[in-house]
Amino acid sequence: MKFAIALVLVALASGGCMARSRPALAQSNLAMRERMLVAEDARAQTEADLATLRQGLTNLDPSLRRQAVRAIGRLERPDLIPTLTRSLADANVDVRIEAANAVGQSAKGDKGVADAKTRLMLRAKVEKEPLAWGAVAATLGRLPYSSAADIDEVEGIIARVLPGPSSTTIQIDALLGATEGLEALARQVGKISKLKDTTLTGLRAASTLEGRAQDADKLARIRRFATLALAASGGITRPGLEAGIAQRDAEVRRVTMVAARARIDGREAVITRGLGDSNAQVRYEALQTWGREFQKTSCEPILTAVRDADAHVALLAIDLLGNGCSGPESVRTLQSLIAGDGSGRTAAPTPASGWHRAAHAMVALARVAPAEARKMLPRHVRHDTWQVRMYAARAASELAAFDELEQLSRDAHDNVREAALGGLVTHKRPEATRVALDALTRPDYQLLITAARALAPATNKDAVVPALQQALRRVTGEGRDTSRDARNAIREALATLGAPEPAETPTALGGTAQTMPMARIDALATTLLRFRIAGRGVFDLRLMPQEAPVTSLHVATLAGEGYYNGLTFHRVVPNFVIQGGSPGANEYVGQGPFMRDEVGLVSHRRGTVGISTRGRDTGDAQIFINLVDSPRLDHTYTVFAEVARGMEVVDAILEGDVIERVEVIAPVS
């Protein structure tokens, strides 16, 4: 009995130690997370940082091992691929998935690609878990190969799980990874090789695959990847087009319209079905395909689409009318749109009523009926809305209306000046040099880039070289990362003119933070960013701090400080992305210093939100929202959030729509 009591006492004592050790362990793990995040943010420039990440690879906590693997992959160093090999065989499937992706992210240069391919191929032969095997297959497919032999070998490994005539069971997760890999492979094989007929047959089967309701999302992604792969490899047939346009999934129907650009007998009837689809994105893609393939035979579908209820479809139709639809009805339609506000009324376009249709129509009319457009141009040149004046500059360039271009080159808004200067340069006008010299004194970086390029071939070097040198000193003195492209353009112009400037000392890649606010980062998992768009409505973004912690924190902090309030979505590319958050309403003006990338496993699916960049680690807080699935952006642009509510508002956003304010809503359930 005494012995039994002793055992109970020992057990209680051990339980007390364990109870006390749990908080200590949690604190230790939190500290390790922070150290690894600091090392990753600094791009592991020191051996101490690398040692921290290597230590994380062997941590008992699989979530920490996964974080360490991801961090090493984000360094994109091929010499670290061997360091990741053990993680490819980790006991935890999530770590193995992350390791496959990290190996792919590290595959730079011919040697790096060869090393990554060898290790992933070996793993593919022994991996039993479908999720992990799918990750290996997806990564193998995206490596940048340079030989047909490599492509054929990889294709053989990936394609083995595609459905065939004798297939009785299908591993959904493995097939998803395989179709993702084959889609990526198909985008590059055309330059070197082509997919085998047996692979194309398997992809056709996958493109119409159905299954259990609980697998609906994965099956939809399989069908989309398979259709994209077939489209990229020229493997779509007429039955494939007819099956694609009949699918319930609008994204497959949209991609089918892209595939219909291949010369396939009977495709005109399929495209016509797409033009009448219930989904606006399908109609948009069908109209784009009609414009590329059949506009020379008939403008009727385009004229019909001008009246489409969806503004993006209607604007595309207006643009297409300017590509050769010069008949009387087309000209009258464009004149009516310019005379009204784009919706049939007769008043001049105003900011409240919407300027887009009239502005697009002005450019289209300039192309097909220059004399008529010339009569209507002046009021657009004087319009209160700067975007209308910017489009007027584009129309003036089409019309060779040089007086109007010179007038617009002195506009109060630099984006209008940039468009006008571009027109003068296109026509090789002598005024371009004077306008470009004046532009060098302006603050907008996009305008500076256009001005520098305009001045590069100048002959009056005595005036141009000092002006460029002064602009370079001014912009460099501002000390902004975001002026990099402008500085480079000025340096290139000076080099062309025979007055090269010393190269800049490269800036350090990584961050300099010594600590990370882990509690704030973790709290972002229950935080929404609520965007209120003038005249449109509200949409909410759910942050992803577990995948992109530093980006999520940075954007949320800026939102809380009111940074985005009053800015616009300046770039709208239907069936691709909307982009906003630039104080200058263009690609080259953003917030600095540059943000580092946090690319990872999250795919650029419809509704995901990324950071716009112009090269690695050049994010400037401009965000973009994916309007469709865009796998070609994967592993290149950070995904840090997704639309949690209001995607219909996102779909309706037009160029120039104003972000009234962004609210930080926390916590949420």
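Numerical summary
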quantity: Residue that is touching a residue at least 24 places away in the same chain (Cβ under 8 Å), aliphatic (A, V, I, L, M) and surrounded by 21 or more Cβ atoms within 10 Å (Cβ to Cβ), where the choices are 287, 303; calculated: 287
quantity: Residue match in the stretch 107-121 (condition: within 30 Å of residue 518 (Cβ to Cβ), surrounded by fewer than 19 Cβ atoms within 10 Å (Cβ to Cβ) and in contact with a Lys or Arg (Cβ under 8 Å, 6 or more places away or on another chain)); calculated: no
quantity: Filter pass, residue 262 being in a helix (DSSP H, G or I), in contact (Cβ under 8 Å) with a residue 24 or more places away in the chain and closer than 26 Å to residue 575 by Cα; calculated: no
quantity: Residue among 572, 538, 577 that alone is buried (at least 18 other Cβ atoms within 10 Å of the Cβ), farther than 20 Å from residue 418 by Cβ and of a type in the set (A, V, I, L, M, F, W, C); calculated: 577
quantity: Extreme residue, nearest to residue 418 (Cα to Cα), among residues of the stretch 428-453 that are in a helix (DSSP H, G or I) and of a type in the set (Lys, Arg); calculated: 453
quantity: Top-ranked residue of the stretch 39-72 - restricted to ones that are among the hydrophobic types (A, V, I, L, M, F, W, C) and in contact (Cβ under 8 Å) with a residue 60 or more places away in the chain, ranked as surrounded by the most Cβ atoms within 10 Å (Cβ to Cβ); calculated: 44
quantity: Of all residues making up the stretch 286-316, the number that are over 22 Å from residue 250 (Cβ atoms), among the hydrophobic types (A, V, I, L, M, F, W, C) and assigned to a loop (DSSP other than H, G, I, E, B); calculated: 3
quantity: Where residue 195 falls short, out of the listed (1) in a helix (DSSP H, G or I); (2) under 29 Å from the mean Cα position of the chain (by Cα); (3) in contact (Cβ under 8 Å) with a residue 40 or more places away in the chain; calculated: (1)
quantity: Number of the condition not met by residue 373 [criteria: (1) modelled with pLDDT under 95; (2) of a type outside the set (D, E, K, R); (3) part of a helix (DSSP H, G or I)]; calculated: (1)
quantity: Elements of type helices (runs of 4 or more DSSP H) in the stretch 15-92, at least 2 residues being of a type in the set (Lys, Arg) and assigned by TED's automatic domain parsing to the domain that holds residue 124; calculated: 62-74
quantity: Number of positions in the stretch 399-420 that are touching a Lys or Arg at 6+ places or on another chain (Cβ under 8 Å) and either of a type in the set (A, V, I, L, M) or surrounded by 21 or more Cβ atoms within 10 Å (Cβ to Cβ) (or both); calculated: 9
quantity: Subset tally (residues that are more than 25 Å from the chain's Cα centre (by Cα) and at pLDDT 95 or above) for the stretch 94-148; calculated: 26
quantity: Hits in the stretch 558-584 - residues which are of a type in the set (S, T, N, Q) and closer than 21 Å to residue 600 by Cβ; calculated: 579
quantity: From 265, 308, residue being surrounded by fewer than 21 Cβ atoms within 10 Å (Cβ to Cβ), under 30 Å from residue 198 (Cα atoms) and not basic (Lys, Arg); calculated: 265
quantity: Filter result (touching a helix residue (DSSP H, G or I) at 6+ places or on another chain (Cβ under 7 Å) and more than 25 Å from residue 38 (Cα to Cα)) within the stretch 530-583; calculated: 533, 536, 537, 538, 539, 564, 574, 575, 578
quantity: Candidates 229, 186, filtered to the one that is within 30 Å of residue 93 (Cα to Cα), in the same structural domain as residue 134 (by TED's automatic domain parsing) and among the small types (Gly, Ala, Ser); calculated: 186
quantity: Selected residue (criterion: nearest to the chain's Cα centre (by Cα)) from residues of the stretch 213-236 that are surrounded by 17 or more Cβ atoms within 10 Å (Cβ to Cβ) and within 21 Å of residue 268 (Cα to Cα); calculated: 228
quantity: Every residue from the stretch 435-492 that is hydroxyl-bearing (Ser, Thr, Tyr) and under 21 Å from residue 615 (Cβ atoms); calculated: 445, 450, 476, 482, 483
quantity: Subset of the stretch 69-93 that is of a type in the set (Gly, Ala, Ser) and over 19 Å from residue 639 (Cα atoms) - its residue that is nearest to the chain's Cα centre (by Cα); calculated: 87
quantity: Pair list, Cβ under 6 Å, 6 or more apart: the stretch 602-622 residue without any contact (Cβ under 8 Å) to a residue 60 or more places away in the chain, other residue of a type in the set (Ser, Thr, Tyr); calculated: 604/630; 610/637; 610/638; 622/582; 622/612
quantity: Residue match in the stretch 474-485 (condition: surrounded by 11 or more Cβ atoms within 10 Å (Cβ to Cβ), of a type in the set (A, V, I, L, M, F, W, C) and either at pLDDT 95 or above or in contact with a helix residue (DSSP H, G or I) (Cβ under 8 Å, 6 or more places away or on another chain) (or both)); calculated: yes
quantity: Test result for residue 420, assigned to a helix (DSSP H, G or I) and either of a type outside the set (D, E, K, R) or farther than 20 Å from residue 486 by Cβ (or both); calculated: yes
quantity: Selected residue (only one of 210, 251 is more than 30 Å from residue 145 (Cα to Cα) and surrounded by fewer than 24 Cβ atoms within 10 Å (Cβ to Cβ)); calculated: 210
quantity: Residue pairs meeting the criteria (Cβ under 6 Å; at least 6 apart or on separate chains; first assigned by TED's automatic domain parsing to the domain that holds residue 657, in the stretch 376-399; second crowded, with 19+ Cβ neighbours inside 10 Å); calculated: none
quantity: Residue list for the stretch 575-603, restricted to those being of a type in the set (A, V, I, L, M, F, W, C) and touching a His at 6+ places or on another chain (Cβ under 7 Å); calculated: 585, 595, 599
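Residue by residue, here is whether (1) within 12 Å of the chain's Cα centre (by Cα); (2) under 25 Å from residue 41 (Cα atoms) holds:
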position	(1), (2)
595	no, yes
601	no, yes
606	yes, no
639	yes, yes
657	no, no
661	no, no
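The values are calculated or read from the model by the stated rules, or taken from the named source; none is laboratory data. Because the structure is a prediction, the values reported are computed rather than measured. Methodologically, a virtual Cβ is constructed for each residue, glycine included, from the backbone with ideal geometry; neighbour enumeration extends over all protein chains shown.
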